[in-house]
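Inspection log for the structure reproduced underneath, given as structure tokens.
Read-outs throughout are calculated quantities, based only on the coordinates presented, and are distinct from any laboratory measurement. Because the structure is a prediction, the values reported are computed rather than measured. Cβ coordinates were reconstructed from backbone atoms using ideal geometry, including for glycine residues, and neighbour counts include every protein chain displayed.
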């Protein structure tokens, strides 16, 4: 398996990965709408030249936070069903967080499974004064501090790109 940046030739396969992983077209449509966004990080997992997984990080804003803070949201992350539970999702998350760190991002938020994301360093965002714009249980909205000390500059309401609505 190889993790790499999404390329133009991957667009169709990335759409299929997201549709199959989520069992509906919504996430694929969001990815299509966000494709090419400045500061976005889009990675694919490929096996034998077939895209089997995808992860996307896009800028988020935090009301009241230090304006120099660079924050991203992890969404979506998808692996086609027959390749799930093989470590592909974990590899995508690790590679994505490293790519965000290398690009100078200070923190990453995720709205996801409370049992899955803590193994990558995510903690409950509410404990650090961050709230999600969507009405979700606090345990599923998490943050990962990529640059030490960044969370003290990040307090307030986290807003995702309008394409997520």
Considering the chain as a Gaussian network with a 10 Å cut-off on Cα pairs, which listed residue, 103, 154, 38, attains the greatest mean-square fluctuation?
38
For n ≥ 4 DSSP H runs only, could you compute -39500 (n - 2.57) per run for the chain, divide by its residues and tell me the 222 nm figure to the nearest 500?
-7000 deg cm²/dmol
Stretch gain in nm, segment residue 50-residue 35, where the contour uses 0.36 nm per residue and the Cα spacing is subtracted:
3.4 nm
Measuring from centroid to centroid over Cα atoms, what is the spacing of region 31-45 and region 85-134 in Å?
16 Å
What residue among 118, 25, 148 has the largest mean-square fluctuation in a Gaussian network model of the chain, using Cα springs under 10 Å?
148
Between residue 140 and residue 165, what is the label-point separation in nm under the 7 Å Cα-to-beta-carbon projection?
2.0 nm
Let me see the pair-distance distribution of region 2-164: every alpha carbon pair, 5 Å bin width, integer percents in order.
1, 9, 20, 22, 22, 15, 8, 3, 1, 0
Two-site FRET efficiency, residue 131 against residue 101, from Cβ-Cβ distance with R₀ of 22 Å, rounded to 0.05:
0.35
For helix 11-22, report the angle its Cα long axis makes with the longest principal axis of the Cα atoms of the chain; keep it between 0 and 90° and round to the nearest 10°.
70 degrees
Please label the shape of region 70-132 as rounded, prolate or oblate, based on the square roots a ≥ b ≥ c of the eigenvalues of the alpha-carbon gyration tensor (a/c under 1.5 means rounded; beyond that, a/b larger than b/c means prolate, else oblate).
oblate
Taking R0 as 35 Å and r as the Cβ-Cβ distance between residue 152 and residue 90, the FRET efficiency 1/(1 + (r/R0)^6), rounded to the nearest 0.05, comes to 0.75
